[in-house]
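Engineer: The structure under discussion is supplied below as structure tokens; questions concerning it will follow.
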Amino acid sequence: YYPIGEVLRENKSGNICICFICGDELVPPEGDMEIGALELTYRSYSLLMPGQGVTLVESPKDSKSDPGLLTSGWIGVFQYFWKCVKNPNETQEFIWQFREDALIQSVRFHQNPLWPSKNIELSISRDGDKFEEIWSGSLDDIPEDPMEWPRSGKSGAAFNFATVVGFDDLKSGRFLRLRIESGYRQEYWGLDAIEVFGNTPAFIPSPEPC
């Protein structure tokens, strides 16, 4: 026997098994468990992750946040959200250069729930000059009151502020351009993160998950 609070606090393996060894197994105990905070560390295989030889070629001037936050690996942590200059009146543009030609299979956008972006466009280029649009659309709006944030998405799965775009045909290019054309709030437009997944370049392992 051991206090459950200490078991949860000292657990390092990630697996928690709770066994009821007393009483009738057909009449298990009832009750609730509440998790006050949960932080997960995982290895992201995004081609834009730090350590993958990617260069941020262009980003909006006078942003309120470091553009590097979009690809830092932090997701769902408010202080690591990106947002643009106050009261933007022009498209916010980012361009990344891969270390070699990339074959892109899917892209995942993580919405900034405090300052959500609306219309965005994603394009690729082989030379950094002529870009070809591979996707454009609108991200979901997020209610301003956190109490009204949805518990589930359109598919019924847990709502996580993310939009995933998959491509039947792999998209090839050396440069990737993201344009944020509008937002749901006038004061700021923002994103939490962008992740890009594909077959190449080959992923460079890192000593620590991120």
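Engineer: Spot the failing condition for L122; the list is (1) at pLDDT 95 or above; (2) not in a strand (DSSP E or B), and only one is missed.
Structural biologist: Evaluating L122 over (1) at pLDDT 95 or above; (2) not in a strand (DSSP E or B) leaves (2) as the failure.
Engineer: Anything in region 95-109 that is buried (at least 21 other Cβ atoms within 10 Å of the Cβ) and under 20 Å from G183 (Cα atoms)? List them, or say none.
Structural biologist: If the condition is that a residue be buried (at least 21 other Cβ atoms within 10 Å of the Cβ) and under 20 Å from G183 (Cα atoms), then V107, F109 are the ones that fit.
Engineer: Another question, then. Quick one: which of L176, L139 is at pLDDT below 95, aliphatic (A, V, I, L, M), within 17 Å of the chain's Cα centre (by Cα) and open to solvent by less than 70 Å² (accessible area, probe 1.4 Å)?
Structural biologist: Working: L176 fails: at pLDDT below 95.
One residue alone meets the criteria, L139.
Engineer: Could you run through region 49-90 and say how many residues are closer than 15 Å to D192 by Cα, crowded, with 18+ Cβ neighbours inside 10 Å and among the aliphatic types (A, V, I, L, M)?
Structural biologist: Residues meeting the conditions: 4.
Engineer: Being touching a residue at least 60 places away in the same chain (Cβ under 8 Å) and touching a Leu at 6+ places or on another chain (Cβ under 8 Å) is the filter; apply it to region 120-136 and report the residue that is surrounded by the most Cβ atoms within 10 Å (Cβ to Cβ).
Structural biologist: Of everything passing the filter in region 120-136, I120 is surrounded by the most Cβ atoms within 10 Å (Cβ to Cβ).
The values are calculated or read from the model by the stated rules, or taken from the named source; none is laboratory data. Everything numeric in this text was worked out from a predicted model, so none of it was measured. Neighbour counts run over all protein chains shown; Cβ positions are idealised from the backbone, glycine included. All accessible areas refer to the heavy atoms of the entire protein, side chains included, with ligands and DNA or RNA removed. Shrake-Rupley method; radii C 1.70, N 1.55, O 1.52, S 1.80 Å.
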